[in-house]
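Report on one structure; see the data block that follows.
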């Protein structure tokens, strides 16, 4: 049988992945420059800008009256930020190209090992980030989102990396693309929620203080906005992740003889789902709405990342397809 | 309500009845249990309690690992065992948490179902006096009659629950009409469906745990067969508490062949096995049906599933006793190396009757073979290793023993290793150690010949039965649908007040005021309200004018719009 991986396509895929990583790191630097260069507005100005934002199209620097002349000059920081945003698109595209090429190179759906799974989750985080954090006012949040994405991509490209090849018989299933894609997209969106919650907590903890750190964090979107971003992304990802678990159970029934068996990965996904359920309940419980709910979201983020790949290092189970254990 | 102190002193708090006093702590405990805060804490506990289940080896998954763990941790191990940390998901504390959580859940949703049923019958609430004080409001002057306006609005608000009222106690003007509209009832419905489905899911899993069974049976892939008539037909059998083994779904399975495709690097590509089966009434009718088992593709018949769960090699040995009688045996050896399928096992031969004068002598001349099988032999000196999982060049490296192999001891013997105590006692004595290729044989000092004939594949089939798993799937899916509905549907209230502007009847001008309230998901409601107001007011038959509506008497300053 000569269905082995197409080596040159595989090489292109790896190049796309690596250059995507480099471009993403570059975007990270640009966004940090914007973040560092933007001056925190004084509380009074900020309050005004909130009102303006509410009425207008969301452009915080939008003019009070129509007309080009009143539009303020873009600062250097903003230019860096706009550049960073464009570069983010390039990085996301490169990652997606790398995933698609891997699929073509290996003649199968490109989600057969941990490297490909983490790459997909990162791509999902980037795409949902581009969708949710599109407004310039939210751009500072990218700095928080890119930290886990860069770390995960780095680990995927080094520790988890395996060359493309065919998958083991257990993964040859109709359910593989459905189950793993949904789980990785859900995980990616939850990364955005986690980044927003971390930013929210930092902002609540020190954002009002007139210290260096406080002033730095004051450049983030206001706490209410961060909370809303976390909530809106979570309510998209929570059912998606739940669907991923159910689809996994359907597959497990066909592959392992039972739909649920408390395999370590099943257990941690159960934990993750329960933690996010607690988050949604906390949002509806008085006294738990703000900071505590955000802490729960962060706990869910930790559980999700643990489930994503850490559990594969800690214990071996039926989901050990990465050749790690 | 506003009783003076004197009055209260003279009439003390009405005494609770005895029954009431006994009931009070239970009622309070119930209220506490069904509160959201308790549910939240229980959810947390559930998540935390599941963590050891992921990190500590579990008996249900791998009991050898648990034994290993206990051997490695002689001090804490037994204590952990006592705390049921090796059986987390069946432990008393895990059970306690999820039972409390579900009691809390039922206690929370039962009253909500009643409330929801009442809300479904209730009319949307009457309009507030001053719509401009709502988070979002709009007012306009139109040229159409109030009746036309109301009719047009009702028409446009399809999908909303609406009620139109005229005048009323809160009206500023007797002629005014108000339309109260509400939508988003599905949100609570979805929420209830989600939670009820979770209860159903738990019930389905519980019923499944009680009534399910799964049995494993190893069959040599050359036409070997068995019938699942009783648990004894299986090599291993696990069943729920109310399965007594008398009513297993009757099924006969015969394994015709097994094929494993491997790539050049030894990675498996696919495993498949052709089987024939009889299920239920087929057995009396004598009908055999063909099926192919593959990884991920079980056979489903009569509510049961048959899985191809494992495979390996079963070597065949023939022993030719000194008097020329032959005995052959084929038995599965355990794959000890998953990559190369180097397997290990034993084989025991009882001499046929007549070879030896009495049973004692016969027992002392049993033959036992213990050793390794390599599907693709790779010799380094005399050491046997396997180079590839497929059978390309099989060979065995075995120790041959003679003596009491333990066949008559009455003690169960492992099919994969010899009883070491028999060897230590000198009852079973090693005669030789040889490497054999198919067809090769070795001869012991008494003339007994042992021949390695080759090997065949064996498969490990699992028969699983769970009558409730279909229900588990149904409830899991309805939970998901309910969840999506409850998270996406938004609850909105809109009120419209339509008042004739002029007292004389010749001019037809009408003031329309709209106000809106988001009961959930405030974010985005501003835009949504604006779009709705535009849609309502821009209907051609209404005749929207640019005129500003006069300030209604008693109307406060409009509130600033909230951030979306």
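Each 5 Å bin from zero holds the following percent of Cα-Cα pairs in region B:98-154: 4, 12, 10, 13, 13, 11, 10, 8, 7, 5, 3, 2, 1. Neighbour counting of Cβ atoms within 10 Å sorts the residues A:203, B:170, fewest neighbours leading, into B:170, A:203. Calculated on the Cα set of region A:126-271, radius of gyration then Dmax: 18.7, 60 Å.
Spin-label model, residue B:55/residue B:114: points 7 Å from Cα along the beta carbon direction are separated by 4.4 nm.
When every Cα-Cα distance of region B:460-549 is counted in 5 angstrom steps from zero, the calculated P(r) takes the values 2, 10, 13, 13, 10, 9, 8, 7, 6, 5, 5, 4, 3, 2, 2, 1, 1, 0, 0 percent. Residue exposure proxy: B:348, B:121, B:433, ordered by other Cβ atoms within 10 angstrom of their Cβ from fewest to most, comes out as B:121, B:433, B:348. For the pair residue A:25 and residue A:286, the difference between a 0.36 nm per residue extended length and the Cα-Cα distance amounts to 89.9 nm. Modelled label positions at residue B:186 and residue A:216, each set 7 Å beyond Cα in the direction of Cβ, lie 4.7 nm from each other. In terms of overall dimensions, region A:187-265 has a Cα radius of gyration and Dmax of 18.7, 60 angstrom. Each stretch of four or more DSSP H residues adds -39500 (n - 2.57); spread over every residue of chain B, this sum gives -10000 deg cm²/dmol at 222 nm. In terms of other Cβ atoms within 10 Å, B:369, B:48, B:22, B:97 run from fewest to most in the order B:22, B:48, B:97, B:369. Just to check, using Stokes-Einstein with a Kirkwood Rh over alpha carbon pairs, what's the diffusion coefficient of region B:28-104 at 37 °C and 0.692 mPa s in µm²/s? It diffuses with D of about 241 µm²/s by this estimate.
For chain B, a Kirkwood hydrodynamic radius built from all Cα pairs, placed in the Stokes-Einstein relation at 20 °C and 1.002 mPa s, yields a translational diffusion coefficient of 67 µm²/s. Taking a ≥ b ≥ c as the square roots of the eigenvalues of the Cα gyration tensor of region B:263-412, is the shape rounded (a/c under 1.5), prolate (a/b larger than b/c) or oblate? Oblate shape, in that a/c is at least 1.5 and b/c is the bigger or equal ratio.
Computed from the C-beta positions of residue B:409 and residue B:477, the FRET efficiency with R₀ = 56 Å rounds to 0.55.
The Cα center of region B:249-301 and the Cα center of region B:383-402 differ in position by 28 Å. Judged by the ratio a/c of the largest to the smallest principal axis of the C-alpha gyration tensor, region B:142-284 counts as prolate, that ratio being 1.5 or greater while a/b is larger than b/c.
Only Cα pairs under 8 Å and 6+ residues apart enter the sum, and on that basis the relative contact order of region A:112-168 stands at 58 percent. The residue B:72 and residue A:168 beta-carbon pair, evaluated with R₀ = 25 Å, returns a calculated FRET efficiency of approximately 0.25.
In this label model, residue B:246 and residue B:87 are separated by 2.6 nm, measuring between points 7 Å along each Cα→Cβ vector. Treating r as the C-beta distance of residue B:359 and residue A:314 and R0 as 60 Å, the FRET efficiency rounds to 0.60.
Pairwise Cα distances in region A:90-157 exceed 16 Å in 48 percent of cases. Take the convex hull of the alpha carbons in region B:217-308; its mean projected area over all directions comes to 6.9 nm². Taking a ≥ b ≥ c as the square roots of the eigenvalues of the alpha-carbon gyration tensor, region A:231-272 is classed oblate because a/c is 1.5 or more while a/b is no larger than b/c. For the protein assembly as shown, the direction-averaged projected area of the alpha-carbon convex hull comes to 56.3 nm². At q = 0.25, 0.27, 0.29 Å⁻¹, what log₁₀ I(q)/I(0) does region B:301-352 have when each alpha carbon counts as one equal point scatterer in the Debye sum? Evaluating at q = 0.25, 0.27, 0.29 Å⁻¹ gives log10 I(q)/I(0) of -0.93, -1.01, -1.08. For the residues of A:260-270, the average number of beta carbons from a partner chain within 10 Å of their own beta carbon is 5.
Values in this text are rule-based calculations from the coordinates and carry no lab data. None of these values were measured; they are calculated from a predicted model. Virtual Cβ from ideal backbone geometry, glycine too; neighbours counted across all protein chains shown.
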